[in-house]
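The values are calculated or read from the model by the stated rules, or taken from the named source; none is laboratory data. These numbers come from a predicted model, not from an experiment. Virtual Cβ from ideal backbone geometry, glycine too; neighbours counted across all protein chains shown. SASA here: full protein model, heavy atoms, side chains in, ligands and nucleic acids out. Shrake-Rupley method; radii C 1.70, N 1.55, O 1.52, S 1.80 Å.
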Amino acid sequence: MWEKAICPYDCPASCGLLVKVENGKITEVKGDLGHPVSRGIICRKMKGYPASVYHSERILYPMRRTGKKGEGKFCRISWEEAVEEISSRWKDIIEKWGSETILPAVYSGVMSDIQRNCGHAFFNRLGASRIVMTLCSSAKGEGYRQVMGNTPSLSPEELKDSDFCLVWGCHAKATRIHSLIDRVNKKKDKGRTVLIDVYQNDTASYADQVVLIRPGTDGMLALAMMHVLVREHLADEEFLREKAQGFDEFKETLREYTVQKAERITGVRADVIEQLALEYGRAQAPSILLGSGNSRYRNGAMTVRLITLLPAVAGAWKKPGGGLCGCRVTRGGLTDLDQIRRPDFRKKPAKSVNINQLAGALLDEKDPIQSLYVYGLNPVDTVSDQNALRKGLMREDLFTVVHERFLTDTARYADIVLPATFSVEQTDIYRAYGYPSIGFAPKAVEPAGECKSNWNTFCVLAKAMGFEEDFFGWSEEEMARHLLDDPTDQLMRAKKEEREALREGGSLKMPREDHLRIETKSGKILFVNEKEKERMPRYLPVEREEEYPLHLVAVPSEYTLNSEFADREELVKARGPMTLKIHPDDAKPRKITDGQRIFCYNDLARVEFIARLTPGLLPGTVAAEGVYDLAHSLNGQTVNALHHQRLSDCGEATTLNDNRVEICLAREESLQEL
Ligand SMILES: Nc1nc2c(c(=O)[nH]1)N[C@H]1C(S)=C(S)[C@@H](COP(=O)(O)OP(=O)(O)OC[C@H]3O[C@@H](n4cnc5c(=O)[nH]c(N)nc54)[C@H](O)[C@@H]3O)O[C@H]1N2
Ligand SMILES: Nc1nc2c(c(=O)[nH]1)N[C@H]1C(S)=C(S)[C@@H](COP(=O)(O)OP(=O)(O)OC[C@H]3O[C@@H](n4cnc5c(=O)[nH]c(N)nc54)[C@H](O)[C@@H]3O)O[C@H]1N2
Ligand code: SF4
Ligand SMILES: [Mo]
């Protein structure tokens, strides 16, 4: 029997799946042709999902640590013992130090509404500290918002109508295959696609032109393009008069951003900038598919703010297919997350910890965290400053609970490990973040072993903590019903019959948005924003720590998804060992050749990689693809050990692409056979 399911991972499309159920287990997975966004196309990672769900190393019951922290030695215990130990330790901690010394840590392991958000209700009720969830793209969201407010950006499906598309800081082949298909299908007829990236990733083969740029300098490129548009009278004066605010004042500041100045900063040749600007300005409906790569910098929000101004200058939004794609896709939420997060359960304000500074928080002796509860997150592999984070997790006095599916690098530090379910074993609502689409999928099979979903785990913990709210007595099916029975204004825009059908399982797509209804207070696109610290957008350079001459960026891998799928041998094998892409001009003076083992280092760490020499990036840039686990590292650390805990200019976001490093040979022998 084939059942409808939806992919739970942190990917823009939330693909529709069909799972074959035999004897209470899923045995096959394929794309759901009826899904309005993914239309049957899914990635190879999810085609092999049954191998992950029934993997021999999956955690099937609660465990207590028997070895040292980090060592990975555990013994089986019952759920009753686990819950008793957690609740009695927490009651003790609350009495001695207060509830704020308990910190939950969650991010994007599971993206469906209930399972991702239900922990907030529990920890609000507990009075725990809050985790600020800005590990991904909050600087990008903030930069866009400062110009466009809540105006929805393009849905990727609209890109087919664009005759000139800039794929900007986006490895779409790995992370947005459907958006790329939406674009490329049209490209056969007319219209060019240009990739602007710091390295020639595999998306390049879908582009007509690749523009390589120095990391963190895209704001300067956008300014120089706008300089050319104004100089060549390609700015859409009529559109700007009607729809924008502050353009005349902003226009004056563009004088200094010449293409020659931009060449010195960005590394992109002046004539290429000129050509890009002219092509963009002369296109009928120019579009930008914006990834998050260039927002993960100390100037990330400003970079995105400047890129967001480009389509306004060109009046691109008024043409079908013109505008910017890759930011928020609907005006408001398709579900009301407060119904799951229950901010009303919190009795008084609590301190908050930024997820990118988790390491610092765990090592803070003045205000120590006594207990950490990790779920849907694998911070040892995905968060910055890996070595400091591991040092924090080693603290003997820190009571750590990890709710997981595998004994990840983080779970190895836990005092108690709880077994988590896979998506096909839980009921949930799935909103795609890259498309205006929403789906509902009841669980297809019962949980393996003694695994429990996040929702069911928090319900059990709530009971043990003596919480009496009815909410913690609901089943996840009841929670889903509450959400679907009380649709948001946004969801009400969907056709009635489609909303009805959603309750039975499946997905719907929202009607196309009117991008000309600008959702700022004044109803105008904001060139100048009086509410911001930087009222006038301008180029903000990222500081360079001169002792380290190279810039390191960390980019996604096609074979894995953040730290997920490390369990799948075929994917890990296809991905290969940890490599660092280096330009030959940087390798030569350091006597580094292709395939050698090298160290990449800065003041935080010394991480070993295999050197991959390529002309596909500018000299001065090095790039590491993929999130590796420590077992697949070369010297027990990964690229995240080289990332500082610094935050972006606005949005308190990660700056994981903003690292200065040096490289040197690790050993003489070549390891080309790897
Ligand atoms: N070097 C480098 N670092 C990165 C990135 C990069 O590209 N390169 N990307 C960054 C980005 S954009 C992001 S969003 C973050 C993501 O970082 P994380 O939020 O850590 O995301 P994942 O690695 O996807 O998942 C974390 C864990 O959630 C577990 N999990 C999955 N489903 C469930 C569930 O239902 N319940 C529970 N309890 N656990 C579950 C998985 O087993 C997995 O171990 O990483 C960031 N870090
Ligand atoms: N296969 C796979 N799919 C994924 C993920 C994965 O790890 N693997 N991760 C998921 C997650 S959590 C997310 S957030 C999404 C989206 O993931 P994003 O992080 O938005 O990744 P992309 O936008 O695809 O790729 C980032 C691109 O930005 C480039 N870049 C870095 N710095 C700069 C810069 O300064 N300027 C320019 N122009 N480019 C720069 C990098 O080289 C890279 O090609 O993908 C999701 N899908
Ligand atoms: S991981 Fe991404 S591309 Fe693959 S099935 Fe899931 S949503 Fe689709
Ligand atoms: Mo992300």
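Listed here are the helices (runs of 4 or more DSSP H) enclosed by segment 371-480 that have at least 2 residues being open to solvent by 20 Å² or more (accessible area, probe 1.4 Å): 386-393, 454-464. The set of residues in segment 237-250 that are over 15 Å from residue 535 (Cβ atoms) and open to solvent by 20 Å² or more (accessible area, probe 1.4 Å) comprises 237, 238, 241, 242, 243.
Just one residue in the set 167, 83, 132, 184 is away from ligand 2 (no atom under 16 Å from the Cβ), over 25 Å from residue 65 (Cβ atoms) and touching a helix residue (DSSP H, G or I) at 6+ places or on another chain (Cβ under 9 Å); that residue is 132.
In a residue-by-residue description of segment 43-58, the property of being in contact with a Pro (Cβ under 6 Å, 6 or more places away or on another chain), open to solvent by 60 Å² or more (accessible area, probe 1.4 Å), outside any strand (DSSP E or B) and within 16 Å of ligand 1 (Cβ to nearest atom) applies to no position. Take the residues of segment 38-93 that are in contact (Cβ under 8 Å) with a residue 12 or more places away in the chain and β-branched (Val, Ile, Thr): which is farthest from ligand 3 (Cβ to nearest atom)? For segment 38-93, the residue satisfying everything is 93. Only one entry in 663, 592 is more than 24 Å from residue 386 (Cα to Cα), buried (at least 20 other Cβ atoms within 10 Å of the Cβ) and not hydroxyl-bearing (Ser, Thr, Tyr), namely 592. Scanning segment 640-659 for residues that are open to solvent by 20 Å² or more (accessible area, probe 1.4 Å) and on the phi < 0 side of the Ramachandran plot yields a count of 7. Where helices (runs of 4 or more DSSP H) sit wholly within segment 127-200, those with at least 3 residues that are open to solvent by less than 20 Å² (accessible area, probe 1.4 Å) occupy 138-148, 177-187. Beta carbons closer than 7 Å, at least 6 apart along the sequence or on distinct chains, pair a first residue in segment 611-639 that is on the phi > 0 side of the Ramachandran plot with a second that is crowded, with 18+ Cβ neighbours inside 10 Å and assigned to a strand (DSSP E or B) for 620/550; 620/551. Of everything listed in (1) open to solvent by less than 30 Å² (accessible area, probe 1.4 Å); (2) touching a Cys at 6+ places or on another chain (Cβ under 9 Å); (3) closer than 18 Å to residue 541 by Cα; (4) not small (Gly, Ala, Ser), the single unmet condition for residue 296 is (1).
Tell me, please, whether a residue that is within 16 Å of ligand 1 (Cβ to nearest atom), open to solvent by less than 40 Å² (accessible area, probe 1.4 Å) and over 30 Å from residue 3 (Cα atoms) can be found in segment 525-537. No: zero hits.
Applying the condition of being within 16 Å of ligand 4 (Cβ to nearest atom) and not in a strand (DSSP E or B) to segment 97-126 and asking which residue is farthest from residue 426 (Cα to Cα) yields 107. Residue 443 is checked against (1) on the phi > 0 side of the Ramachandran plot; (2) at pLDDT 95 or above and fails just one. What number does that condition carry? Every listed condition holds for residue 443 apart from (1).
Table: residues versus (1) in contact with a strand residue (DSSP E or B) (Cβ under 8 Å, 6 or more places away or on another chain); (2) touching a residue at least 40 places away in the same chain (Cβ under 8 Å); (3) basic (Lys, Arg); (4) within 30 Å of residue 224 (Cβ to Cβ).
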| residue | (1), (2), (3), (4) |
| --- | --- |
| 294 | yes, yes, no, yes |
| 300 | no, yes, no, yes |
| 314 | yes, yes, no, yes |
| 324 | yes, yes, no, yes |
| 330 | no, yes, no, no |
| 333 | yes, yes, no, no |
| 343 | no, yes, no, no |
| 349 | no, no, no, no |
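Let me confirm something: among 625, 652, which residue is within 10 Å of ligand 1 (Cβ to nearest atom) and touching a strand residue (DSSP E or B) at 6+ places or on another chain (Cβ under 6 Å)? Only one candidate passes the filter, namely 625. Out of 558, 519, 513, 564, one residue alone is touching a strand residue (DSSP E or B) at 6+ places or on another chain (Cβ under 9 Å), open to solvent by 20 Å² or more (accessible area, probe 1.4 Å), in contact (Cβ under 8 Å) with a residue 24 or more places away in the chain and within 16 Å of ligand 4 (Cβ to nearest atom). It is 558. Hey, any hits in segment 280-293 for a residue that's under 22 Å from residue 157 (Cβ atoms), assigned to a loop (DSSP other than H, G, I, E, B) and within 16 Å of ligand 3 (Cβ to nearest atom)? Yes, that holds for at least one residue. As for segment 595-608, it holds at least one residue that is over 22 Å from residue 196 (Cβ atoms), more than 14 Å from ligand 2 (Cβ to nearest atom), open to solvent by less than 10 Å² (accessible area, probe 1.4 Å) and in contact with a Ser or Thr (Cβ under 6 Å, 6 or more places away or on another chain). Taking segment 344-359 as the range and being assigned to a helix (DSSP H, G or I) and farther than 17 Å from residue 413 by Cβ as the test, the residues that pass are 344, 345, 356, 357. Counting the residues of segment 95-111 that are more than 30 Å from residue 335 (Cα to Cα) and in contact with a helix residue (DSSP H, G or I) (Cβ under 8 Å, 6 or more places away or on another chain) gives 1. Among the conditions (1) touching a residue at least 40 places away in the same chain (Cβ under 8 Å); (2) closer than 27 Å to residue 141 by Cβ, the only one that residue 410 does not satisfy is (1). The set of residues from segment 111-144 being within 27 Å of residue 440 (Cα to Cα) and aromatic (Phe, Trp, Tyr) comprises 122, 123.
What number of residues within segment 1-28 satisfy the criterion of being in contact (Cβ under 8 Å) with a residue 24 or more places away in the chain and either surrounded by 14 or more Cβ atoms within 10 Å (Cβ to Cβ) or part of a strand (DSSP E or B) (or both)? Residues meeting the conditions: 19.
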